[in-house]
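Asks: Can you keep this structure in mind? I'll have questions shortly.
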Amino acid sequence: MKTTLDINSILVYSEENNKFFQTEFKDKLNVIYGKNTAGKSTLIQLILFAFGINDNKIKLTEILAEQIFVRLDCTIKKEQEEKKYVFIRQDETLLIKDENEKVLRFNGISSDNSAEHVKLKKYFNNLFNFNLLLESNSGISEAPIESIFLPYYVSQEVGWVYLRKSFSNLNFYKNFKEDFLDYYLGIENIIDREEKRKIEKEINRLQQQIRFYTDVKKENQDLKLANVIDQTLEGKANELISNISEKKNKLLDLENTYVSDSNKLTFLNQRLSVVSKVKRNHKNQEPGKDHCPTCTQILPSKIEDVYSFFQEENDTINLQRDLKDKIKKLQSRLNSLNKKIESHRFDIKSSYLTFNKYSENGLTLERYLDSKANIQLFEILTKQIGQLTIDLESEKEKLKEYKTDEEILIERGKKSKIFKDKYFTYNASLGLPSLDEERFYQLYEISSFPLQGVQLHLAVLSYHFAFNYLLTKTSDIHRLPFILDSVFKEDIEQGNKNKILRFINENFPKDTQTILSIADDKNVDSKIEEYKNEIFKDNAHIICIGNGTEEKALLKDNDDSQKELIENSFEILETI
């Protein structure tokens with residue numbers, strides 16, 4: 001949705017000298033006239049000054065010395081909603097009152113690099129949905145406020161000779177013409193181009209990595225041979241390795257069993273040793289006669305004790321016999337296990353020998369094992385190439401969201417065709433000669449015209465109207481008043497003056513205001529009434545500076561006709 005700004009009125013007031021100027025603007029043609037040096041250009045420059053533009057401030061030195069403030073009452077149409085704004089600038093301070101009566105203050109905006117001016121720029125960017133970025137030696141940054149007004153302003157001094165030079169501080173940006181035109185024609189913004197460059201750089205990096213890994217796979221002979229060996233012997237190698245692994249598992253089971261049985265045998269031998277000692281003690285310790293082996297007491301001689309003593313002796317003899325039998329069997333089992341273990345070890349060794357001697361087409365399994373490291377590297381490279389390829393396709397999909405260089409050229413060509421047709425139509429209506437060379441009519445090529453004098457003036461006029469017409473075809477581009485300062489050159493004869501005004505009257509944009517200034521001296525062959533009645537008719541709102549007879553006459557003595565407006569302006573200025 002386009003954002004449109006209309007200027008409803010302007011008030012210039014000097015409290016020091018108690019002088020003022022006030023006028024309203026209409027939604028059609030607004031024609032400012034007066035004698036040369038009356039203050040017509042000063043009024044136009046004060047409009048720009050009130051929006052925070054400092055580029056022409058040096059030309060306002062004389063009137064700014066009178067300690068003035070400038071007030072603009074405006075209407076901004078945005079998303080089918082109209083809102084009222086008041087802009088008041090006094091020296092280095094700009095105040096903006098919005099439709100909610102909220103007042104924003106920006107102090108110290110006389111320098112474009114000041115923090116307050118940067119804040120103001122961000123405010124305007126948001127207000128007009130403006131996001132043009134420009135590139136300078138210090139990098140990419142938001143375009144200055146002047147670039148918001150540039151398509152809609154033709155300055156008196158250089159605007160009628162050079163294109164896009166009405167403001168002087170835009171010259172140092174790189175590729176300004178292309179970035180400026182692309183943005184205002186809705187083709188491409190530099191932010192899109194930067195994102196596109198990042199994606200293209202990442203694509204290039206991924207492609208280089210893929211080429212590197214692919215070349216390593218292709219050119220490394222060890223990897224090639226390892227891959228051949230792997231493909232040739234992998235089946236047989238896996239079969240033999242599986243067989244050896246199975247045999248080693250069985251050997252491990254036997255060895256674990258051998259260790260377990262050896263532990264059992266040790267335990268039985270230790271237990272047999274203890275039982276033997278107990279048996280010997282029984283023989284040397286008769287109840288009622290011998291002493292206890294651990295103390296000096298005589299062993300009990302009761303019949304029960306004697307019975308128990310001999311019963312334990314019989315148990316010891318049986319236990320000794322049982323232990324000897326178990327030891328014998330366990331030892332036999334261990335001997336058998338040992339034979340099996342030796343047999344399995346020999347079998348495994350024999351399998352390894354078979355593995356190492358096996359070959360197909362001169363490729364041995366031993367070499368297969370040696371090549372496994374290269375095989376793993378080969379697999380890693382393959383995986384890397386696969387992942388990089390996936391990432392590459394992802395970046396290519398992102399790139400599809402941006403226009404290609406070819407598509408941009410095609411879009412530029414389409415816009416240039418519209419411009420050319422309109423430009424040639426306007427040239428014909430102004431009586432200009434045919435311009436056959438592309439550099440004089442291709443929008444992205446034009447930098448000058450092969451014309452002089454009034455013809456150059458008419459060619460520039462035609463260009464700006466054709467370009468402004470082109471902007472009406474761009475969606476979401478803000479629309480500001482079309483300001484043409486001093487549409488008459490000093491040496492333009494009356495016939496061409498009439499031609500210029502008729503052309504403007506027939507072709508001024510209908511979706512926004514047009515403000516133009518013309519020189520007319522009521523004391524010397526004044527034509528303003530003729531222009532008003534015969535050319536503009538009902539289209540023009542006429543604004544007179546200095547009664548059409550005075551020089552440097554923008555401000556006049558305060559007659560209190562705007563007392564209420566002046567008081568309200570001071571209330572806004574004094575808002576904390």
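The values are calculated or read from the model by the stated rules, or taken from the named source; none is laboratory data. What you see is a predicted model, and the numbers here were worked out from it, not measured in a lab. Every residue, glycine as well, gets a Cβ built from its backbone with ideal geometry; the counts of neighbours run over all protein chains shown.
Asks: Please enumerate the residues belonging to the stretch 455-484 that are surrounded by fewer than 19 Cβ atoms within 10 Å (Cβ to Cβ), closer than 23 Å to VAL31 by Cβ and in contact with a helix residue (DSSP H, G or I) (Cβ under 8 Å, 6 or more places away or on another chain).
Replies: Correct list: TYR469 only.
Asks: Another question, then. Restricting attention to helices (runs of 4 or more DSSP H) lying wholly within the stretch 22-128, give those where 1 or more residues are aromatic (Phe, Trp, Tyr) and more than 30 Å from ILE535 (Cβ to Cβ).
Replies: Because the criterion is at least 1 residues that are aromatic (Phe, Trp, Tyr) and more than 30 Å from ILE535 (Cβ to Cβ), the helices (runs of 4 or more DSSP H) in the stretch 22-128 that meet it are 40-50, 115-127.
Asks: Also: Out of the residues in the stretch 124-141 meeting the condition of being crowded, with 16+ Cβ neighbours inside 10 Å and within 25 Å of THR75 (Cα to Cα), tell me which one is nearest to the chain's Cα centre (by Cα).
Replies: The residue in question is LEU132.
Asks: Is one or more of the residues making up the stretch 414-428 within 18 Å of TRP160 (Cα to Cα) and part of a loop (DSSP other than H, G, I, E, B)?
Replies: no
Asks: Taking TYR444 as the residue in question, decide whether it is outside the structural domain of LEU72 (by TED's automatic domain parsing), aromatic (Phe, Trp, Tyr), more than 27 Å from TYR33 (Cβ to Cβ) and surrounded by fewer than 21 Cβ atoms within 10 Å (Cβ to Cβ).
Replies: yes
Asks: Looking at the stretch 326-374 only, could you name the residues that are at pLDDT 75 or above and of a type in the set (A, V, I, L, M, F, W, C)?
Replies: Result: ILE327, LEU330, LEU334, LEU337, ILE341, PHE346, ILE348.
Asks: Looking only at strands (runs of 3 or more DSSP E) that lie completely in the stretch 476-576, which have at least 3 residues being of a type in the set (S, T, N, Q) and in contact with a Gly (Cβ under 9 Å, 6 or more places away or on another chain)?
Replies: Hits in the stretch 476-576: none.
Asks: A further question follows. Being surrounded by 16 or more Cβ atoms within 10 Å (Cβ to Cβ) and farther than 30 Å from THR37 by Cβ is the requirement here; does PHE149 meet it?
Replies: No; evaluated as a whole, the condition is false for this residue.
Asks: Name the residue that is surrounded by the fewest Cβ atoms within 10 Å (Cβ to Cβ), counting only residues in the stretch 523-576 that are free of Cβ contacts under 8 Å to residues at least 12 places away in the same chain and among the hydrophobic types (A, V, I, L, M, F, W, C).
Replies: Only one residue tops the list, namely ILE576.
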